[in-house]
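Inspection log for the structure reproduced underneath, given as structure tokens.
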Amino acid sequence: MNFTISKRQSKLCAARGFDLRKWEGLIEEGNTLRRDIKAVANEYDVERDELGRKIREGLTCTEKGERKEKEWR
């Protein structure tokens, strides 16, 4: 069944000029960017949803620096 679907999908992609490898690369790039954004948001204590909308405001850079100073003391 998978072979039949894959073969049909390949024919449709070729007929319409759709580059499946490029699409997969774009998906991977999008996933990488989402991971990077999530890492930066976590660093600044900001929560975001899957669409990148801010859910909860985090600390400002000044507050973050003050918190780090207290941790070092």
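Where a number appears in this text, it was derived from the coordinates with a stated rule and is not lab data. What you see is a predicted model; the values in this text were computed from it and never measured.
Using the Karplus relation 6.51 cos²θ - 1.76 cosθ + 1.60 with θ = phi - 60°, the per-residue 3J(HN,Hα) values for segment 7-21 come to 5, 5, 4, 4, 5, 5, 4, 5, 5, 9, x, 8, 8, 5, 5 Hz, with x marking Gly and Pro. Computed from backbone phi, the HN-Hα couplings of segment 33-41 come to 4, 4, 5, 5, 5, 5, 5, 5, 4 Hz, rounded to whole numbers (Karplus: 6.51 cos²θ - 1.76 cosθ + 1.60, θ = phi - 60°; Gly and Pro given as x).
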